[in-house]
Structures are given as structure tokens and as C-alpha cells.
Amino acid sequence: MNRRELRKSDIETIATFANNDMSITHTAYAMGKDYSTIARRLERVYCITRLNPRKFWELVELLKRTDAMP
């Protein structure tokens, strides 16, 4: 994974997504963002890392790699 391409907001989104039971709706509310913003950020993370944050074990791996474990 090329971590330098992930933005701080991407890493924050991953951690918040995990803390909100992988719910885009709850993550958007917690971050004060729109649903589509969170969905786009998760897609961006997937495009960069090839790990899908919407799949539990891939989300766990992303959290480990970004040091964003909740």
C-alpha cells in the first residue's frame, strides 16, 4: 500500500467507519459529512490500496496498515 497517497481525511474516515459498525450513514453523521462524501472516500481508499473497507477483514487490514486502530 502506498500510504503517502492516502489523505488524512481518508484515514480518519476509515477509523470512524470502523467505530460506527461499518455504517456509511452513521459515519457521515459522526463526521458531519454527506453520505456520498463518505462513499467516495471509501472508494478512493479501495482504488489506492486495493483493500475494500466495506469488507470486514480488509477493513481490519487497513486499520493495521494505517495505524488507525480504534
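For the chain, calculate the relative contact order in percent as a whole number, restricting contacts to Cα pairs under 8 Å that are 6 or more residues apart.
Taking the mean separation of contacting Cα pairs over the length of the chain, I get 36 percent.
Return the calculated 222 nm mean residue ellipticity for the chain, to the nearest 500 deg cm²/dmol, obtained by summing -39500 (n - 2.57) across DSSP H runs with n ≥ 4 and dividing by the residue count.
-19500 deg cm²/dmol
About the Cα centre of the chain, how large is the charge dipole given +1 on each Lys and Arg Cβ and -1 on each Asp and Glu Cβ? Please answer in debye to the nearest 20.
Using Cβ point charges on Lys, Arg, Asp and Glu, the chain gives about 240 debye.
Taking the Cα-to-Cβ direction at Trp57 and at Asn19 and moving 7 Å from each Cα, how far apart do the two end points lie in nm?
My value for the distance between the label points is 2.7 nm.
Solvent-accessible area per residue for the chain at a 1.4 Å probe radius, Å²?
In whole numbers, the chain has 64 Å² accessible per residue.
Which helices of the chain meet both criteria: a Cα extent of 20 Å or more along the helical axis and a mean Kyte-Doolittle score no lower than 0.0, with helices taken as whole DSSP H segments? Provide the component values of the computation, followed by the final result.
Values: long enough: 35-49 (21 Å, -0.03).
Long hydrophobic helices here: none detected.
Spin-label point model (7 Å from Cα, Cβ direction): what's the Thr37 to Arg50 distance in nm?
Modelled inter-label distance: 3.1 nm.
Given the convex hull over the Cα atoms of the chain, what projected area results after averaging over all orientations, in nm²?
3.8
The values are calculated or read from the model by the stated rules, or taken from the named source; none is laboratory data. Just so you know, these numbers come straight off a predicted model, no measurement behind them. Cβ sites come from the backbone with ideal geometry, for glycine too, and all protein chains shown count toward neighbours. For accessibility, only protein heavy atoms count, side chains too; no ligands or nucleic acids. Shrake-Rupley method; radii C 1.70, N 1.55, O 1.52, S 1.80 Å.
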